[in-house]
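Every number in this text was worked out from the coordinates using simple rules, so none of it is lab data. Note that the structure is a prediction, hence the values are computed from the model and not measured. All Cβ positions, even for glycine, are placed from backbone atoms using ideal geometry, and neighbour counts span all protein chains on display.
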Amino acid sequence: MNIQHFQKNLITWYKNKGRDLPWRHTKDPYAIWVSEIMLQQTQVDTVKPYYVRFLETLPDIKSLALADDDLVFKLWEGLGYYRRVRHMKEAAQTIIENYDGHFPDTYDQIIKLKGIGNYTASAISSIAFGQEKGVIDGNTLRILSRIYNRQDNIALEKTKKNYQILMDELIHGCDPSLFNQAMMDLGAMICTPKHPDCTNCPVQNLCEAYRADTTAILPVKIKNTSKSDIYYITAILKKGDKYFLIKNEEGLLQNLYGFVQYEVESPISFEEHFYDQYGLSVRLCEYIKEIKHVFSHRIWHMSVYLGEITDPEEKILSENYTLYSQDELTLLPISTAHRKAIGAAGAIGDGVCGFS
Ligand code: SF4
């Protein structure tokens, strides 16, 4: 691989064809941080208006650190995964206390901040501070496995570590900000998971998978499917006489409805996770029993609890969640595992948590 050639082709393409995104017009580490946290698990087009509004209201680290929680969560309302913004506020307070309000300027310092992992630390340190730290995520893992025609399983941590070394070699000697953003765009626009647009790819002449005609089978991604035991706290949550269920958008029980469950060790931890994810307060009031459900390659151990959402019904509905009556519950497609939980709660649920 001719690294200089790769960098030149990639960055020239990015300057001409890269996406024009609001956070690409700044070197302010705070603004880049906000964009990167919002982009975790959220589509670019969804993030744009949130990003603009957040920065208009809380334009710097100090304003976020001192902001009222209600305001911060209001600005995040609808983005989900509320833990992200709570961690941001904590990190902003750390920056005020430990760095005199100035965003730390090295990868090693940035990654120590609450809620910041390898990808986000690499993105901020390269884009805002010019550090040669390549970003590793699904996009860049896919590009690397194709341009080097490598069959490593990208689901493994070992592969991610090895590919980090490759990325840091590739980024060396060029503008780290442009390089990383160009890789992000190449993965999003050209070297896509299915049907990569190799005809218009700026690095096609350097791509070993293209030469070997293996682009369709790369990257290799094999998740561990061995039989494993998973321990959940599963909560049958009610508001008044209605139930709170969610529709699974992916995973084992895709398109089926079910109760919220987390791999946590205590009801308090469940309540915190629930608040982080849904922005609603809950109280688990009664332990029912443990239910075991065996799938083909997995065993769920569900500690079933009864609980209530303590926020008003108007708030639940204003967040676009749905509450279901007992009659509706019988009509919804609900997984067998969670039907078992209903059965267990039905036998002894009367009278607890104010249930009737
Ligand atoms: S040539 Fe095709 S497979 Fe190779 S990097 Fe470009 S888009 Fe990806």
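Below 8 Å, C-alpha to C-alpha, sequence gap of six or more: please give me the relative contact order for the range 1-124 in percent. Write down the numbers at each step before the final one.
Details: 83 pairs, mean separation 27.6, N = 124.
So the answer I get is 22 percent.
Give the Cα extents of the chain along the principal axes, in whole Å, largest first.
Computed over the Cα atoms, the extents are 71, 49, 30 Å.
Residue separation times 0.36 nm, minus the C-alpha to C-alpha distance between I3 and R211: what's the value? Before the final figure, lay out each step's value.
Values: separation 208, 0.36 × 208 = 74.88 nm, distance 1.73 nm.
Result: 73.2 nm gained on full extension.
Report the gain in length on full extension from Y231 to R83: 0.36 nm times residue separation, minus Cα-Cα distance, nm rounded to one decimal. Numbers along the way, then the final one.
Values: separation 148, 0.36 × 148 = 53.28 nm, distance 2.15 nm.
Once the chain is fully extended between Y231 and R83, it gains 51.1 nm.
Under a cut-off of 16 Å between alpha-carbon atoms, report the aspartates and glutamates in cross-link reach of K62, not counting same-chain residues fewer than 8 places apart.
D28, E90, E97, D100
Which of C198, C174, C191 has the fewest other C-beta atoms within 10 Å, and how do the rest follow up to the most? Each step should come with its number before you reach the end.
Values: C198 15, C174 18, C191 26.
The fewest-first ordering by Cβ neighbours comes to C198, C174, C191.
For the range 98-114 and the range 40-89, what is the separation of their C-alpha centers, rounded to whole Å?
19 Å
Show me 158-166, 248-256 ranked by packing, highest mean number of other Cβ atoms within 10 Å first. Each step should come with its number before you reach the end.
Details: 158-166: 15.4, 248-256: 11.1.
Output ranking for 158-166, 248-256: 158-166, 248-256.
If I model a spin label as a point 7 Å beyond the Cα along the Cα-Cβ vector, how far apart are those points for K289 and D175 in nm?
Those two pseudo-labels are separated by 6.6 nm.
Run the dipole for the range 102-202 about the Cα centre, Lys and Arg Cβ at +1, Asp and Glu Cβ at -1, nothing else charged, and hand back the magnitude in debye, nearest 20. If you can, show how the numbers build up before the last one.
On the way: 10 positive and 11 negative charges, 80 e Å.
Roughly 380 debye for the range 102-202.
Which angle between 0 and 90 degrees, to the nearest 10, do you get for helix 138-147 versus the longest principal axis of the chain when only C-alpha atoms count?
Helix 138-147 sits at roughly 40 degrees to that axis.
So what are the range 228-348's ellipsoid semi-axes, whole angstrom, largest first, if each one is the square root of 5 times an eigenvalue of the alpha-carbon gyration tensor?
21, 16, 15
Could you tell me what % of all Cα pairs in the range 144-276 have separations over 22 Å?
Cα-Cα pairs in the range 144-276 separated by more than 22 Å: 58 percent.
For a quick protection proxy, order the peptides 211-221, 230-240 by their average other-Cβ count within 10 Å, most packed first. Don't skip to the end; give the middle numbers.
On the way: 211-221: 15.0, 230-240: 20.7.
Answer by packing, highest mean first, reads 230-240, 211-221.
Using Cβ counts within 10 Å as a stand-in for footprinting exposure, how do E208, E132 rank, fewest first?
Details: E208 16, E132 20.
Taking fewest neighbouring Cβ atoms as first place, the list is E208, E132.
So how far apart, in nm, are the two label points at K221 and K160 if each is 7 Å from Cα heading toward Cβ?
Distance between the two pseudo-spin positions: 1.3 nm.
At 37 °C and a viscosity of 0.692 mPa s, what translational diffusion coefficient does Stokes-Einstein give for the range 1-152, taking Rh as the Kirkwood radius over Cα pairs? Give it in µm²/s as a whole number. Could you put the intermediate results ahead of the total?
Details: Rh = 16.7 Å.
In µm²/s, the coefficient rounds to 196.
Find the centroid of the Cα atoms in the range 216-292 and in the range 303-329, then give the distance between the two in whole Å.
If we compute the Cα centre of each part, the gap is 15 Å.
Under a plain spin-label model, where a point goes 7 Å from the Cα along Cα-to-Cβ, how far apart in nm are Q41 and D70?
Taking the two extended label points, one gets 2.6 nm.
Using alpha carbons only, how many degrees (0 to 90, rounded to 10) separate the axis of helix 29-39 from the longest principal axis of the chain?
Once rounded, one gets 60 degrees.
Once you keep just the Cα pairs under 8 angstrom separated by 6 or more residues, what percentage relative contact order results for the range 228-348?
On the way: 213 pairs, mean separation 40.4, N = 121.
Relative contact order of the range 228-348: 33 percent.
Restricting to DSSP H runs of at least four residues, report the calculated mean residue ellipticity at 222 nm for the chain, -39500 (n - 2.57) per run over all residues, nearest 500 deg cm²/dmol.
Details: 16 runs with 161 residues, N = 356.
Helix contribution divided over all residues of the chain: -13500 deg cm²/dmol.
Note the full-extension length gain between N320 and Q93 as 0.36 nm times their separation in residues minus their Cα-Cα distance, in nm to one decimal. Intermediate results must be reported in sequence, preceding the final value.
Details: separation 227, 0.36 × 227 = 81.72 nm, distance 3.12 nm.
Residue separation times 0.36 nm, minus the Cα-Cα distance, leaves 78.6 nm.
Provide H301, H293 in ascending order of the number of other Cβ atoms located within 10 Å of each residue's Cβ, fewest first. Walk me through the numbers before you get to the answer.
Numbers: H301 13, H293 17.
With the sparsest Cβ surroundings first, the list reads H301, H293.
Under unit Cβ charges (Lys, Arg +1; Asp, Glu -1), what dipole magnitude, rounded to 20 debye, does the chain have relative to its Cα centre? Write out the running numbers ahead of the final one.
Values: 39 positive and 45 negative charges, 253 e Å.
So the dipole magnitude of the chain works out to roughly 1220 debye.
Distance cut-off 25 Å, Cα to Cα: go down the list K27/K48; K247/K315; K238/K292 and report the pairs above it. Walk me through the numbers before you get to the answer.
On the way: K27/K48 17 Å; K247/K315 19 Å; K238/K292 23 Å.
Over 25 Å apart, Cα to Cα: no pair at all.
Among N149, L186, A345, which residue has its Cα furthest toward the positive end of the charge dipole of the chain, with +1 on Lys/Arg Cβ and -1 on Asp/Glu Cβ?
N149
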